[in-house]
1. Tell me which residues, restricted to segment A:23-57, are touching a helix residue (DSSP H, G or I) at 6+ places or on another chain (Cβ under 8 Å), among the aliphatic types (A, V, I, L, M) and under 21 Å from B:Glu168 (Cα atoms).
2. Only one of B:Phe68, B:Phe38 is in contact (Cβ under 8 Å) with a residue 40 or more places away in the chain, out of contact with any Gly (no Cβ under 6 Å at 6 or more places or on another chain) and under 26 Å from B:Asn147 (Cβ atoms); which?
3. Is it true that some residue in segment B:177-191 is farther than 30 Å from A:Cys46 by Cα, touching a helix residue (DSSP H, G or I) at 6+ places or on another chain (Cβ under 9 Å) and either surrounded by fewer than 20 Cβ atoms within 10 Å (Cβ to Cβ) or modelled with pLDDT under 95 (or both)?
4. Starting from residues that are more than 8 Å from chain B (Cβ to nearest Cβ) and in a loop (DSSP other than H, G, I, E, B), keep the ones in segment A:166-183 and report whichever is nearest to A:Glu98 (Cα to Cα).
5. Among the residues of segment A:28-39, is there at least one that is assigned to a strand (DSSP E or B) and over 17 Å from B:Lys180 (Cβ atoms)?
6. Within segment B:191-227, can you find the residues that are assigned to a loop (DSSP other than H, G, I, E, B) and within 7 Å of chain A (Cβ to nearest Cβ)?
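The values are calculated or read from the model by the stated rules, or taken from the named source; none is laboratory data. All figures in this text were calculated on a predicted structure; none of them were measured in a lab. Virtual Cβ from ideal backbone geometry, glycine too; neighbours counted across all protein chains shown.
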Number of protein chains: 2
Amino acid sequence: MAKQFGKVVVVAPDAPQSGMGHAITIGKPLRMNPVHIFGDVEAYQCSGTPVDCVKLAVDKVLHHKPDFCFSGINHGANHSVNVIYSGTMSAAMEAAIEGIPAIGFSLLDYAYDADFGLAQQVAHEMIHQISSGQIPKKGLYNVNIPNVNPKKYKGLKFCRQANAKWKENFVDRVDPHGKKYYWLTGEFQNLDKGKDTDVWALQHHYASVVPVQYDLTDYTLFKQLTGS
Amino acid sequence: MAKQFGKVVVVAPDAPQSGMGHAITIGKPLRMNPVHIFGDVEAYQCSGTPVDCVKLAVDKVLHHKPDFCFSGINHGANHSVNVIYSGTMSAAMEAAIEGIPAIGFSLLDYAYDADFGLAQQVAHEMIHQISSGQIPKKGLYNVNIPNVNPKKYKGLKFCRQANAKWKENFVDRVDPHGKKYYWLTGEFQNLDKGKDTDVWALQHHYASVVPVQYDLTDYTLFKQLTGS
């Protein structure tokens, strides 16, 4: 779909990277090799994390900064606090740190055979609105697509990140050698009743668009502490 | 040092986690075992990431939320944009998401035999000021300690996160089998001349204290997009 708007080059991890956050690979070297799975689109698989892929793409594949970085599409929600755990959004954020306009896309459907039809439509809408200046190009956007029949889809909605968390509930098991191990599981808890949040928008069949930044300073507390 | 203030329980990764960011372990189970390396302090090593350690500590070790989470101390700076790549700060952030007051500590010295004397003094100062109410307890703090002679140390300084980035410069090598691999290296670029930043404070022999939050919404752009 992105091919309609310009030349596309793909650099992607060679294995699933769920929950990889903003991890980078420091202690071991990376491999990167061309693959031919997207027809005439230049593509590479990389042994590293999503963030490594962005760094390698700029430094060793393109040798310059691209006009855009599109990250994903992710299987599963990256709304609310999930933005922090998400490899997809961390890759987009890495591009933004480099000064590259970036969008991360996620579909609220974990199924391997998920239908990406609506996601394609939403991506087209986003890129078109950015290209035409309706949405500022110089930004980082977290776009989540609801898992609904396209007929029920209501459009893009600009949102803030909902205040939510995961309530951990590790499952203990014992291996055949008598040793314990733990599987991470959790229950999503939305603590935010706001109608301007991404969680609300998705529940109401909008695609949520959260403009994202990476200055983590808590300015309210900063002002309180410095008396400024 | 923290023992002076209450009961301490340690849950730490069993291997280095540099650049692990906010990664969590989803696709494989975790191991956690008691270790006896800190005298009478209850301690566990965990096969997961720093964030996994916090989740396991709350759910499977303590079975309740502790009064504080102290993360680190990290060898090397976690000021400015490094907060995003840092496993140390991500663990502290995970605690904050759980509602636990948290501090991440980092020393600007990568040496294995680094002197932690000043770091100990700074940690004591932070915990003391929080305990006595001078610094709000309910917060998440990114504390970096300068690599200076304690006599030159000027005290704590509340800061904002400096706007900085890493300029990638991958080193290409060829393995004995003729195949290419890449080592991530980079050059730190401070783009921020502000005297209220963590980078400035550390250069001037202060310990930098940045109050941190995890709502990544870009509210300036959000307001512009929503006309609010």
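1. Scanning segment A:23-57 gives A:Ala23, A:Ile24, A:Leu30, A:Met32, A:Val51, A:Val54.
2. After ruling out the rest, the residue left standing is B:Phe68.
3. Checked segment B:177-191: no residue is farther than 30 Å from A:Cys46 by Cα, touching a helix residue (DSSP H, G or I) at 6+ places or on another chain (Cβ under 9 Å) and either surrounded by fewer than 20 Cβ atoms within 10 Å (Cβ to Cβ) or modelled with pLDDT under 95 (or both).
4. Within segment A:166-183, the match that is nearest to A:Glu98 (Cα to Cα) is A:Asp175.
5. no
6. The answer is B:Gln213, B:Tyr214, B:Asp215, B:Leu216, B:Asp218.
Rundown of residues vs (1) of a type outside the set (Gly, Ala, Ser); (2) in contact with a Leu (Cβ under 7 Å, 6 or more places away or on another chain); (3) surrounded by fewer than 24 Cβ atoms within 10 Å (Cβ to Cβ), yes/no style:
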{"residue": "B:Lys60", "(1), (2), (3)": "yes, no, yes"}
{"residue": "B:Asn78", "(1), (2), (3)": "yes, no, no"}
{"residue": "B:Val83", "(1), (2), (3)": "yes, yes, no"}
{"residue": "B:Ser90", "(1), (2), (3)": "no, no, no"}
{"residue": "B:Met93", "(1), (2), (3)": "yes, yes, no"}
{"residue": "B:Asp109", "(1), (2), (3)": "yes, no, yes"}
{"residue": "B:Ala114", "(1), (2), (3)": "no, yes, yes"}
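Every residue, every condition in (1) without any contact (Cβ under 8 Å) to a residue 12 or more places away in the chain; (2) under 28 Å from B:Lys3 (Cβ atoms), yes or no:
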position	(1), (2)
B:Asp109	no, yes
B:Tyr112	no, yes
B:Leu118	no, yes
B:Ser131	no, yes
B:Gln134	yes, yes
B:Val174	yes, no
B:Leu184	no, no
